[in-house]
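Structure first, commentary second.
Please treat every number below as a calculation from the coordinates, not as lab data. These numbers come from a predicted model, not from an experiment. A quick note on method: Cβ atoms are made from the backbone with ideal geometry, for glycine too, and the neighbour counts reach across all protein chains shown.
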């Protein structure tokens with residue numbers, strides 16, 4: 001039986017009630033129920049670019065502006081790009097050229113040569129680490145280095161070639177330096193390191209230096225790219241390494257110089273004579289202010305107790 005419509009609220013919104021007959025169409029418990037239909041105002045009927053959300057029970061229409069939907073999509077897209085940058089990586093290949101030496105060959109004929117050959121067979125001759133020139137924007141600290149072991153691939157006219165590959169994150173930034181650790185028991189002379197596969201093109205890192213064995217000193221050698229900076233413009237990711245490298249080259253003026261040290265720290269010849277034993281054995285100190293040459297590398301030997309720097313010889 002149809003019930004007369006009952007107007008509720010303003011003229012723009014009407015609520016119409018229908019009562020279902022007691023006898024069901026198919027089956028049921030015979031209880032009466034009411035259907036409620038909500039008529040939307042005229043200004044809400046034109047959806048246009050709006051979205052309508054419908055829930056069961058009472059029919060509801062919720063309008064959302066296109067700008068809200070655009071902001072949600074932008075946030076989702078931005079979050080997806082950030083996660084992509086953190087997970088995606090590019091493959092970078094590094095080729096190291098090592099110059100063989102005749103003296104090094106004969107020096108390595110002992111047990112150390114056999115151990116070094118084993119390292120070559122294991123593919124762990126050189127440990128390379130790529131250093132980013134940028135700091136991590138989230139933590140403000142240096143980014144983690146990307147490591148890879150270089151293995152021997154053969155010998156060419158310009159030297160012995162070692163190769164490795166890196167998985168470099170897209171947000172790693174510009175490569176500013178390469179750390180090298182020599183896994184051999186003897187030093188190696190590195191000519192250069194070529195990095196291929198970077199976004200900005202290949203990088204040729206000129207080495208031209210001996211790299212000591214990690215068994216002599218655990219400190220890794222650092223080779224910077226050929227890009228020059230003023231001290232005030234040094235990238236923040238390389239500043240610490242630059243300062244440590246400068247301190248290493250200067251030396252601290254203490255102790256005896258080791259053969260693997262790369263210091264421009266000279267010493268004097270202060271042990272030509274022995275004035276502490278007999279003043280007649282006093283000899284001039286060579287390499288000091290009075291006699292600047294010749295000089296020698298640092299010995300760490302203390303000056304004589306007599307305090308005499310030199311004796312005048314007529």
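For the residue pair residue 215 and residue 93, what label-to-label distance in nm results when each label sits 7 Å from Cα along the Cα-to-beta-carbon direction?
Reported label-point gap for residue 215 and residue 93 is 3.2 nm.
Separation between the residue 258 and residue 158 pseudo-spin-labels, each 7 Å from Cα along Cα→Cβ, expressed in nm?
That separation, rounded to one decimal, is 3.2 nm.
May I ask you to compute the full-extension gain from residue 272 to residue 171, defined as 0.36 nm times their residue separation minus their alpha-carbon distance, rounded to one decimal in nm? Walk me through the numbers on the way to the answer.
Values: separation 101, 0.36 × 101 = 36.36 nm, distance 5.97 nm.
Result: 30.4 nm gained on full extension.
Rounded to whole Å, give me the distance from the Cα center of the range 261-276 to that of the range 134-179.
Using only Cα atoms, the two centres lie 40 Å from each other.
Say R0 is 41 Å: what FRET efficiency, to the nearest 0.05, do residue 232 and residue 305 get from their beta-carbon distance?
Values: r = 47 Å, r/R0 = 1.14.
The pair residue 232/residue 305 has a calculated efficiency of 0.30.
Efficiency by 1/(1 + (r/R0)^6): what FRET value for residue 291 and residue 196, r their Cβ-Cβ distance, R0 = 41 Å, to the nearest 0.05? If you can, show how the numbers build up before the last one.
Numbers: r = 52 Å, r/R0 = 1.28.
Given R0 = 41 Å and the Cβ-Cβ separation, E is 0.20.
How much FRET efficiency would the formula 1/(1 + (r/R0)^6) give for residue 265 and residue 144, where r is the Cβ-Cβ distance and R0 is 41 Å, rounded to 0.05?
Efficiency computed from Cβ-Cβ geometry: 0.80.
P(r) of the range 122-220 in 10 Å steps, Cα pairs, percent per bin?
Answer for the range 122-220: a P(r) of 14, 45, 32, 9, 1 percent.
Find the relative contact order for the range 251-313 and round it to a whole percent, using C-alpha pairs within less than 8 Å whose residues are 6+ positions apart.
38 percent
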